[in-house]
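These notes are about the structure you will find just below.
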Amino acid sequence: MTLPPQAVQAPATPATAPLYLVDASLYVFRAWHSMPDEFRDAEGWPTNAVHGFARFVAELVERVSPRYIAIAFDEALDSSFRNRIYPAYKANRPPAPEELRRQFAHCKALCRALGFVVLADTEYEADDLIGSALEAGRARAHHGVIVSADKDLSQLLEGHDEQWDYARDMRWRADGVRDRHGVEARQIADYLALCGDAVDNIPGVPGIGCKTAASLLHHFGTLDALLERSEEIQFLRFRGAGQVGPKLRLHADAARMYRQLTTIARDAPLGEGAQGFARRPGDADALHALCETLRFGPLTRRRLYAVAGLEYAPSVSA
């Protein structure tokens, strides 16, 4: 029997518009390490990271044509609020060389010239800016598409939000986080506080590794519940369970502090993103000046102008 038209139901789709939130530093660093060091700007400085990042941004826009997008950069490399909480935070990382710092500045300028909202702050890291933009976006009827492979960002996922590992073309939502990382999205910050994060120089609780941290959170749910009920750990069935409770009680304050470091802020100032994340018209003058400074070739220029929605007219120098 054929159903009447009014009885036919459309497949469920997100009722919100996607807001693409790009972890720029990941892709700038990836280009810095993978692109050949054969590109130079007008002053002779390397531009390999800018070339690679420009290709990534162009391909992203060509693939998904985002109406709403923000690009988050790390300016708080050694000055974020986390450094005041724990001075050793990220102290294991050498300072970025001047050759790379200059390219980060060019990448930010390029994003603005292409009409994207750029997020950067000296107190908050790119993860915090993404978390805060996502929070603001939800209030504007957006769901997030976080373009990054960073596991820390999975803690932000809710509902129709997605994380997109662009290089591997893999996407997942909150209900897929446990299969990837061993714990639920809402437990990521607690998990990293327990087992540590070597990348950010967070030691975690001594003697608690990734498997133990995941097991504890599966049983207790949260770090707070785990600390409140630490006497129960000795009755769990895993190797060394009798030693974990005393270690947790000894390092309880440190674990809570580490969670302050691993929890992504959602109230960072959004600067130019405070009014929304819709793509703006490209800035022809700024884009032309950057292409000249960075000595982009005609193919790259044509592609970037198309991304910006601008007509490309080759110059003699291009």
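If you put +1 on each Lys and Arg Cβ and -1 on each Asp and Glu Cβ, how big is the dipole of segment 117-229 around its Cα centre, in Debye rounded to 20?
The calculation lands at about 460 debye.
Under the rule a/c < 1.5 gives rounded, and otherwise a/b versus b/c splits prolate from oblate, where does segment 47-164 land using the Cα gyration tensor?
Note, shape of segment 47-164 comes out oblate.
Only residues of segment 101-141 count here: report those whose backbone N is under 11 Å from the spot 7 Å along Cα→Cβ of Asp267, or say none.
Backbone N within reach: none found.
Leaving ligands, DNA and RNA out of it, rank Met170, Met35 by accessible area with a 1.4 Å probe, largest first.
Listed by decreasing accessible area, they come as Met170, Met35.
Where does each of Glu311, Glu231, Glu272 land when they are ordered by accessible area, with a 1.4 Å probe and the largest first?
The ordering from most to least exposed comes out as Glu311, Glu231, Glu272.
Keeping all protein chains in place and using 1.4 angstrom, which order do Ser79, Ser148 fall into by accessible surface area, from largest down?
The ranking, largest first, comes out as Ser79, Ser148.
Compute the label zone of Ala306 within segment 124-160: residues whose backbone N is under 15 Å from the point 7 Å along Cα-to-Cβ.
none
With the Cα gyration tensor of the chain giving a ≥ b ≥ c as the square roots of its eigenvalues, does the rule (a/c under 1.5 for rounded; else a/b larger than b/c for prolate; else oblate) give rounded, prolate or oblate?
oblate
With every protein chain present, what is the per residue accessible area of segment 35-182 (1.4 Å probe, Å²)?
Ligands and nucleic acids excluded, the figure is 42 Å² per residue.
So, taking all protein chains as they sit and a 1.4 Å probe, how much accessible area belongs to Leu250, in Å² rounded to tens?
Solvent-accessible area, nearest 10 Å²: 130 Å².
List the equivalent ellipsoid semi-axes of segment 107-178 in whole Å, largest first, each obtained as the square root of 5λ for an eigenvalue λ of the Cα gyration tensor.
21, 15, 13
Let me see the P(r) profile for segment 151-269: every Cα-Cα distance counted, bins of 10 Å, each bin given as a percent of all pairs.
The percentages, shortest bin first, are 14, 44, 31, 11, 1.
Placing unit charges on C-beta atoms (Lys and Arg positive, Asp and Glu negative, everything else neutral), compute the dipole magnitude of segment 189-318 about its Cα centre in debye, rounded to 20.
In total the dipole reaches around 460 debye.
May I ask you to work out the translational diffusion coefficient for segment 213-318 at 37 °C, viscosity 0.692 mPa s, via Stokes-Einstein with Rh from the Kirkwood sum over Cα pairs, reported in whole µm²/s?
Rounded, D is 171 µm²/s.
Which FRET efficiency value, to the nearest 0.05, is calculated for Ala313 and His33 with the Förster distance at 45 angstrom and r the Cβ-Cβ distance?
Using R0 = 45 Å, I get an efficiency of 0.85.
Using a cut-off of under 20 Å, list every residue of segment 34-53 whose amide N is near the label point 7 Å from the Cα of Thr293 along the Cα-to-beta-carbon line.
In segment 34-53, the label zone of Thr293 (backbone N under 20 Å from the point 7 Å along Cα→Cβ) covers 38-53.
Run the simple label-point estimate for Trp45 and Glu135 please: 7 Å along Cα→C-beta, distance reported in nm.
Computed distance between label sites Trp45 and Glu135 equals 3.4 nm.
Percent of accessible area on segment 169-318 owned by carbon and sulfur, 1.4 Å probe?
Answer for segment 169-318 is 50 percent, counting heavy atoms of protein chains only.
Restricting things to alpha carbons, find the Rg to Rh ratio for segment 58-117 using the Kirkwood radius for Rh.
1.09
Distance in nm between label sites at Glu98 and Val199, each 7 Å beyond Cα in the beta-carbon direction?
Inter-label distance under the simple model: 3.0 nm.
Subtracting the Cα-Cα distance from 0.36 nm times the residue separation, let me have the gained length for Ala88 to Gln234 in nm, one decimal.
Result for the pair: 49.4 nm of gain on full extension.
For the pair Gln260/Asp150, report the inter-label distance in nm, with labels modelled 7 Å from Cα in the Cβ direction.
Each label point lies 7 Å from its Cα, and together they span 2.0 nm.
Give the calculated FRET efficiency between Arg280 and Thr122 to the nearest 0.05, with a Förster radius of 25 Å applied to their Cβ-Cβ distance.
It comes out at approximately 0.55.
As a test of the formula, what do you get for the chain when each DSSP H run with n ≥ 4 contributes -39,500 (n - 2.57) and the sum is divided by the residue count, at 222 nm and rounded to the nearest 500 deg cm²/dmol?
That calculation yields -12500 deg cm²/dmol at 222 nm.
The values are calculated or read from the model by the stated rules, or taken from the named source; none is laboratory data. Only a predicted model underlies this, so the values are computations on that prediction, with no experimental measurement involved. Reconstructed Cβ throughout: ideal geometry from the backbone, glycine too, with neighbour counts over all protein chains shown. Surface accessibility is based on the protein's heavy atoms, side chains included, excluding ligands, DNA and RNA. Shrake-Rupley method; radii C 1.70, N 1.55, O 1.52, S 1.80 Å.
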